[in-house]
Amino acid sequence: MSRWTPHKYQKKALKFLLERPNAALFLDPGLGKTSISYAAMSVLKKQGMLKGAIVVAPRRPAVSTWPKEHQEWEDFHHLKVTVLHGADKERLVGERSDVYIVTPEGLRWLIREGYLTEMLRKKWIDTIFFDELHKFKHTETKRFKELEPYIRRFKRRYGLTGSPAANGLLDLFGQAYVLDAGKALGVYSTHYKFTFFMPSDPNSDYPTFIPKPGAKELIFERMKDLAIRMDARDLIEMPQIRFNHIKLDMEPELRQTYESMEEEMFAELDDLEVVTAATAAAVSMKCRQLTSGAIYRDKGDPVTGIPRQGKREWRHVHDEKLDAMADLIEELQGQQLLVAYEFGHERDRMIARFGKDLPVIGGGTSDKKAIAYEEAWNAGEIPLLVAHPSSMSHGLNFQKSNAQHILFFSGTWDYENYDQFIRRLMRQGNKAQHITVHQLVFRKTVDEAVVLSNKRKQRDQDEFHAALNTYKKSRR
């Protein structure tokens, strides 16, 4: 137990929250968003400006990070913190607390069961914090629609994230709305979309939308009083990041199969089975599976159309990426390697190749086991750890081992998951001088398209962050 002694940048972020009822902290992982939030709650509570707060956080931060952070700092022990998750949540929700922590699914439960209405009516809570604010970027989800009628009933609304615009500036609307109910970017997502964006290809049936000329600057201007951006690289000593694209060449037979899938929207794996892809998105998925080394069979029987039962089957195609991964492991000579997998068959094939005891963090991994892996990794006891980006992009920290190497077995289109996965190592506390991100890439395939896509999205997010920084400096 120790006293919370904030850094200068943390004091600045705290002041930003305290000065406004609606605000977002766009802070890189490792800069202490959780402790800053507790500090804001503490100050507001002592000044009589906060009855109680509800924190909406992804599952692992909700059950691990927030409770741990509360226990770590003596300054926040006067706050009673209750985690509404698990078997005791129905009992605990009826007890008065200063801070309630729930998952997004738990928030929906509070709404459906009438508990949120009752807590607001009793004035137990009047403030809401959204940890990983980007979870509310999509306005058409049930999660967003169920919350929307309650937004204005909270007098203070705060958001925390390091990746507000990971997949493009369109994502900002929903995040801004849950904080200020439309003040910055308007009250209708369609108006925001067609005011600031235009289709990249008007003739496409499924166009992507890009900002109109001058639109980015207008969006940044409107967001300047709502959000503050802090980049860890500007504030603390951080490892430098470098990229190593391990280029692979396809054998002629595999290249023919791949190009058949890519160009004709189907690939014959053998004389008995044809795997089809009816849409462009499905084609991309099938192509990525092919470069990965295995491909899922269609969900339905190719003759009867009846859905297959049980675990989805996949067909082995090649081991080129597994061989390249093995070569990298040998080259690292025992240095720790954190590996991101995209498809379940990749995980299965890695276990078959590197041993049934291979540590894996995926959708079926319990919180207890994930935390045990985190502790063992940080102690330097695990040389190879395999994980799915969506299962460990938030709430797990692997920097204490000073590990330096990450491998993306297959790329992901989701820049947020890509970026957050890298930041499990590239964060405060890692004493390594460099973090090397390795990625297995087949030449002239969709693998290269994924790499280019993430570079473009990084530029968009960096530009947004740079604009906020400019406005931040102008306010000094």
Within the chain, excluding any GluC sites (Glu not before Pro) found in a DSSP loop (not H, G, I, E or B) and having at most 14 other Cβ atoms within 10 Å, the longest uninterrupted segment runs 141-236
Over all pairs of different Cα atoms in the stretch 153-252, the reciprocal of the mean inverse distance gives a Kirkwood radius in Å of 16.7
In whole angstrom, largest first, the equivalent ellipsoid semi-axes that the Cα gyration tensor gives for the stretch 175-218 are 23, 12, 7
Low-density loop trypsin sites (Lys or Arg not before Pro), the stretch 9-103, at most 13 other Cβ within 10 Å, DSSP non-H/G/I/E/B, are K80, R96
Projected convex hull area of the chain, Cα atoms, direction-averaged, in nm², equals 24.5
For the chain, averaging the sequence separation of alpha carbon pairs under 8 Å that lie six or more residues apart and dividing by its residue count, the contact order in percent is 16
The stretch 1-130: relative contact order from alpha carbon pairs under 8 Å, six or more residues apart, as a whole percent, is 30
Note: the stretch 1-134, point scatterers on Cα, Debye, no solvent; log10 I/I(0) at q = 0.14, 0.17 Å⁻¹ equals -0.61, -0.91
Along principal axes, largest first, the alpha-carbon spread of the stretch 108-197 in whole Å comes out as 43, 25, 22
A convex hull over the alpha carbons of the stretch 368-462 yields, per residue, a volume in Å³ of 105
Quick calc, the stretch 101-214, dipole around Cα centre from Cβ unit charges on Lys, Arg (+) and Asp, Glu (-), nearest 20 debye, gives 580
With -39,500 (n - 2.57) per DSSP H segment of 4 or more residues and division by the full residue count of the chain, the 222 nm estimate, nearest 500 deg cm²/dmol, is -12000 deg cm²/dmol
For the chain, the per residue accessible area (1.4 Å probe, Å²) is 46
Whole-percent carbon and sulfur contribution to the accessible surface of the chain (1.4 Å, no ligands, DNA or RNA) stands at 49
Counting only DSSP beta bridges fully inside the chain, the antiparallel percentage to nearest 5 is 15
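The values are calculated or read from the model by the stated rules, or taken from the named source; none is laboratory data. Only a predicted model underlies this, so the values are computations on that prediction, with no experimental measurement involved. Using ideal geometry, Cβ is built from the backbone for each residue, glycine included, and neighbour counts are taken over all protein chains shown. The protein model used for the area step is the full one, side chains on, heavy atoms only, and it has no ligands, DNA or RNA in it. Shrake-Rupley method; radii C 1.70, N 1.55, O 1.52, S 1.80 Å.
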